[in-house]
Amino acid sequence: MVHSTTYFCAAVNLTLVTPEKAIKLAANDFFRQYLSKNGKGLNVFKEMLAGCGAGFCQVVVTTPMEMLKIQLQDAGRLAAQQRLILPSSSSTKVVATNPVLSRAYNVGPSAVTRPMSATQIAKDLFYSQGFRGLYKGLGATILRDVPFSVIYFPLFANLNKLGQNPLDGKASFLHSFLSGCIAGSVAAVAVNPCDVIKTRFQSLHRGANEETYSGIVDCARKIWVNEGPSAFLKGSGCRALIIAPLFGIAQVIYFVGVGEFLLGFSRFEVY
């Protein structure tokens, strides 16, 4: 059953990652064009400013996507744990009172066989907490995604310039891909502490022995005190391995101008 829990939230990623990356990349180009003067290149500060604008734009999609993804991951993991524990237990009270299993959306015997889909979780959040429920942790998401874009886009642009052909001013496919991978990895590791805080803050259901957080600052303080500074780097390696090829591929496809070619538009370049 490992494969079912590993890809439990794949549908959410497949549905929302595409518009998220489209907004991020298009917004960055828009702000770069807006901040450029007479078609000249941008300095590092303006490149960071353009990335900042792109980060703010993308959270419209990123926040509900991350919210649903985290709940789906928890639901799948806890359902698998219940299936392992329930057969060896003669009493259903163990399932209901276990502090770890109590984080599931539906605790008790009926929760073991009831799968939770992204649609069900989205409906539960909307009906119980309204539209704001899908945007719980918006501040924490901004805290992660804005610095990421501020680091990523200027770094990619400058790395990509190193491989530009002096004749046509364009970098090769491989060089652009590697530039995206390197820039994505560096940015991912740099903002990993913010990602840890965001993930903890967006978890809705907690067990009796788990910490509750009143805000972003309170979450960061409790993680630092209870788990130490190293807790903020948990998962940084895996995150870098995911972000590197993701942004390498997305950036190359966008940078080559596939969308403009399909729509018949000319490619505007400010890099």
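Quick note: the coordinates plus some simple rules give every number you see, no bench work behind them. Just so you know, these numbers come straight off a predicted model, no measurement behind them. In this analysis, Cβ positions are derived from the backbone assuming ideal geometry, glycine residues included, and neighbour counts consider all displayed protein chains.
Please list 212-225, 173-186 highest first by mean number of surrounding beta-carbon atoms within 10 Å per residue.
Result, highest mean Cβ count within 10 Å first: 173-186, 212-225.
Determine which lysines satisfy two conditions relative to Lys161: a Cα distance under 27 Å, and not lying fewer than 8 residues away in the same chain.
Within the straight-line limit of under 27 Å, Lys161 reaches these lysines: Lys21, Lys24, Lys37, Lys40, Lys46, Lys170.
Multiply the residue gap between Val225 and Asp168 by 0.36 nm, knock off their C-alpha separation, and tell me the result in nm, one decimal place.
Value of the extension gain: 15.1 nm.
Just tell me which lysines come within less than 22 Å, Cα to Cα, of Lys222; anything on the same chain fewer than 8 places away is out.
Lys136, Lys198, Lys234
Sort the following peptides by mean Cβ neighbour count (other Cβ atoms within 10 Å, averaged over residues), highest first: 58-70, 233-245.
Result, highest mean first: 58-70, 233-245.
About the Cα centre of segment 135-226, how large is the charge dipole given +1 on each Lys and Arg Cβ and -1 on each Asp and Glu Cβ? Please answer in debye to the nearest 20.
That gives a dipole near 80 debye.
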